[in-house]
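What follows is one structure encoded as structure tokens, with my remarks underneath.
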Amino acid sequence: MTLMLKKIILLQCFLLLSIAKLSAAEQVLVGGYIFPPFVEKNEQGKPSGITLDLLKSLNKIQSEFHFSFVLTSARRRYIAFEQKQFDVLFFESMLWGWQKAPIEASKVFLTGGEVFIALKDKAKNQDYFANLNNKSISAMLGYHYQFADFNSEPNFLRSKFNIHLSTDEKMNIQLVLLNRMDIAIVTKSYLDRFLLENPSARAKLLISDKMDQTYKHTVLVRNNISPSVSKINELLNKLIESGEFKNVLNKYGITP
């Protein structure tokens, strides 16, 4: 038997074992929408971000479940959940429209929040953020903001505020930098990474000291499925204890 033939046989055995292992694992569909840095799109237009990296880590540290990602949109995620396109969501809150859904929340495993930004040339101090009614605001479509009483409906938001809704958080920041909008509301973790990649922007921006809302990130799990909420909590603990959780967050400049 030649060396090349031995390598081919070993490779085939490895692939068969991998397929058998995957088949034995219970499949878990995890929904997500563009929510940088948790879910975003890479240069090839494919989903990437913290959520997808954590799913890879979960698949690496255990074999009972295999977690797969399903992309939806911020507005469509409720219908997609009702249609059972997925059963689990990471980095989500019950406050974001899930109060009446057959769903449970895991323990809080990460905190964060949203801040307001404005040009320093226009906003001289923190008082600038006290009144949003007389300012133009760039925000994300489908997001639930505390300043709007967690109502994400575009018609409601446009009736109450001079607001521009987009699906690109980077664009919202740039609209402020270009002086096309007075204020943007931005996820703090994404803003931190943006400023690392664009250090010259830091000197131009005033960032609110007060957050619009403080995130208490949980995993939302459909009632009466496997894995249960208690199992998800167990897996989160395993992620943290293994160091995988910290490694993934560090990749995105976030301290757990």
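Observations
- When the test is whether a residue is surrounded by fewer than 20 Cβ atoms within 10 Å (Cβ to Cβ) and outside the structural domain of Glu197 (by TED's automatic domain parsing), Lys46 passes it.
- Within region 169-179, the set of residues being touching a residue at least 40 places away in the same chain (Cβ under 8 Å) and either within 19 Å of Asp212 (Cβ to Cβ) or not in a helix (DSSP H, G or I) (or both) comprises Glu169, Lys170, Ile173, Val176, Asn179.
- Residue satisfying all of: in region 173-207; over 17 Å from the mean Cα position of the chain (by Cα) and of a type in the set (S, T, N, Q); surrounded by the fewest Cβ atoms within 10 Å (Cβ to Cβ) among these: Ser200
- Residue within region 219-231 that is over 15 Å from Leu54 (Cα atoms), in a loop (DSSP other than H, G, I, E, B), β-branched (Val, Ile, Thr) and not assigned by TED's automatic domain parsing to the domain that holds Gln126 present: yes
- Some residue of region 181-190 being within 22 Å of Lys122 (Cβ to Cβ), free of Cβ contacts under 8 Å to residues at least 12 places away in the same chain, part of a helix (DSSP H, G or I) and not assigned by TED's automatic domain parsing to the domain that holds Tyr33: no
- Boolean, Phe156 is aromatic (Phe, Trp, Tyr) and without any contact (Cβ under 8 Å) to a residue 24 or more places away in the chain: yes
- Among the residues making up region 234-254, those that are in a helix (DSSP H, G or I) and surrounded by fewer than 18 Cβ atoms within 10 Å (Cβ to Cβ) are Glu234, Asn237, Lys238, Ile240, Glu241, Ser242, Lys246, Asn247, Asn250, Lys251.
- Top-ranked residue in region 119-172 [being small (Gly, Ala, Ser) and touching a His at 6+ places or on another chain (Cβ under 9 Å); ranked as surrounded by the fewest Cβ atoms within 10 Å (Cβ to Cβ)]: Ser136
The values are calculated or read from the model by the stated rules, or taken from the named source; none is laboratory data. On a predicted model such as this, the values are computed, not experimentally measured, just so you know. Cβ coordinates were reconstructed from backbone atoms using ideal geometry, including for glycine residues, and neighbour counts include every protein chain displayed.
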